[in-house]
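See below for the structure under consideration.
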Amino acid sequence: MQTKQKWAAVGAALLLLGAGCFSTEKQLPPDGGVYKSTDGGALWAQANAVPTNTGVASLTQSNVSAIVPDPHHSGTIYAQVEGDGLMVSNDSATSWRRAGLSQANIKDLVVDPVEPCTLYASAGATLHKSRDCGRVWSSVYEVPDSKQEVRSLAIAPNNRSIIYGGLNDGVMIVSRNGGSSWQVLQRFESRLRKVLIDPVTPSRMYVVTEKKGLMRSNDAGATFDQIKELLEAFTGYKRGWDLHIDAQDHN
């Protein structure tokens, strides 16, 4: 079985699994979707119910690539379903409903730090924005080359009008008016996997690249330096994947 796994803290622990393949004599049920633990990870159970007008559907055959907790409501969680858009739960994954962008392959989602229902989602070459919790979406940016993708999004914690985007061709874009217009900020010449802003010192930004490792800016993205001291001791330090900032210590 091959699965993709990610973690998030949203009151209870949630585990994302891709639908697996088995070659055993006994037929096993689908094991995709979202799993939930309420005892610190000792026991897990599927949390995939999708109530509809005709009955209860399920996410058990879905590949859920990531979940994004709503910072405004502890029980609200968004789930990125590969090739099938966005789902949302308002009861800590007890049930799910569609939140738009059906059949889209969502690469990243961010929630406005002030307006709970303002969302930004990247899907392929298009960056979408919703002002009503995902019911209606509008396109706010199109990558000039349709073969490229917006891979990562970040909103400045001290100015919600400033949104950053990282493209898979190494270009970093920025909007300073809530997505109405965009400009190129940096060119890293390596796929950008994540853009992360220090919540305490917003002028400090980190960019995770696939071939140049971890980059840091102390001037809101005007200039970047590669972080390699001490990291050079680790094999593959230039191939970045992900990064998180400690909630208790931003350094």
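Quick notes on this one:
- In the context of the full set of protein chains, the chain has a per residue accessible area of 54 Å² (1.4 Å probe).
- Out-of-range pairs (alpha-carbon distance over 25 Å; input Lys129/Lys228; Lys107/Lys147; Lys129/Lys211; Lys194/Lys228; Lys107/Lys228; Lys36/Lys107): Lys129/Lys228; Lys129/Lys211; Lys107/Lys228
- Positive minus negative residues near Gly213 (Lys, Arg vs Asp, Glu; Cβ under 14 Å): +3
- Nearest-10 value in Å² for the accessible area of Ile173, using the 1.4 Å probe: 0
- Each residue was assigned an accessible area with a 1.4 Å probe, and for Val110 the value is about 20 Å².
- Placing unit charges on the Cβ atoms of the charged side chains and taking the dipole of the chain about its Cα centre, the candidate lying farthest along the positive direction among Ser161, Gly124, Ile245 is Gly124.
- Within the accessible surface of the chain, defined with a 1.4 Å probe on protein heavy atoms only, the carbon and sulfur portion equals 48 percent.
- Each pair of Cα atoms in the range 122-182 enters the Kirkwood radius, and Stokes-Einstein at 37 °C and 0.692 mPa s then converts it into a translational diffusion coefficient of 277 µm²/s.
- Using heavy atoms of the protein chains and a probe of 1.4 Å, the accessible area assigned to Lys211 is about 140 Å².
- The range 147-251: chymotrypsin sites (Phe, Trp or Tyr not before Pro) in DSSP loop, at most 16 other beta carbons within 10 Å: Phe234, Tyr237, Trp241
- The Kirkwood hydrodynamic radius of the range 180-221, based on inverse pair distances between different Cα atoms, is 11.0 Å.
- Taking only the Cα atoms of the chain, the ratio Rg/Rh comes out at 0.98, with Rh defined as the Kirkwood radius.
The values are calculated or read from the model by the stated rules, or taken from the named source; none is laboratory data. Since we're looking at a predicted model, the values are computed, not measured. All Cβ positions, glycine included, derive from the backbone under ideal geometry; neighbour counts span all protein chains shown. When the accessible area is computed, the model is the full protein with side chains, heavy atoms only, and any ligands, DNA or RNA have been set aside. Shrake-Rupley method; radii C 1.70, N 1.55, O 1.52, S 1.80 Å.
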